[in-house]
Every structure is written in C-alpha cells, then in structure tokens.
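Note sheet for the following structure.
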Amino acid sequence: MTIDELIDNFKGQQQMAQEEKDRLEEEFTNTKLNPYGITTIDFSKRQEQVELLLKLQGAIEGLELAKVECDL
C-alpha cells in the first residue's frame, strides 16, 4: 500500500467517523428531557468518535508530512 492509499483510507475512515458523530449529535438534539427528573444521556459514543477523529487527523497529517519530507 502506498502512502497516498493510506492517506485516502484514513480520510475515508475520518469521513465515516464524522458522519457517525453528526448522527449522534442529531440524536441528542432530538432527545426530550424528562421535566420531572434528571434524564441521563450517554455521551460516551460521541466522545469515542471525537477521539477517533483526532487520531485519524494525526495519522493523516503524519503521513502527509512523511510524504513531503521523504519526497514519496
């Protein structure tokens, strides 16, 4: 696999993670809170997507830097 293919692969994964995060945020927006008590909302899945997005962005930037520095 070439560096360009890896970058494209990570960008695809990043797009899917962003879509999932957007879907979860839309779901949170549509959640009605119980006016008589506290309703808990589980934000852990969203947090996992945010962390995945950050890791993928780092991987993409690292590969792009390696590509530039090594003239690949």
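Read-outs: derived from the displayed coordinates by stated rules, not from any lab. Quantities reported herein were computed from a predicted structural model and do not represent experimental measurements. Backbone-built Cβ (ideal geometry, glycine too); neighbour counts: all protein chains shown.
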Note the full-extension length gain between residue 57 and residue 31 as 0.36 nm times their separation in residues minus their Cα-Cα distance, in nm to one decimal. 6.4 nm
Helix 3-29 sits at what angle to the longest principal axis of the chain, using alpha carbons and giving 0 to 90 degrees rounded to 10? 10
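Tell me what the chain gives for mean residue ellipticity at 222 nm when only DSSP H runs of n ≥ 4 count, each as -39,500 (n - 2.57), the sum divided by the residue total, rounded to 500 deg cm²/dmol. Can you show the working numbers first?
Working: 2 runs with 54 residues, N = 72.
Here the helix-only value at 222 nm equals -27000 deg cm²/dmol.
Rounded to the nearest 0.05, what FRET efficiency do residue 43 and residue 18 give with R0 = 22 Å and r taken as the Cβ-Cβ distance? Could you check? Walk me through the intermediate numbers first.
Details: r = 17 Å, r/R0 = 0.75.
Given R0 = 22 Å and the Cβ-Cβ separation, E is 0.85.
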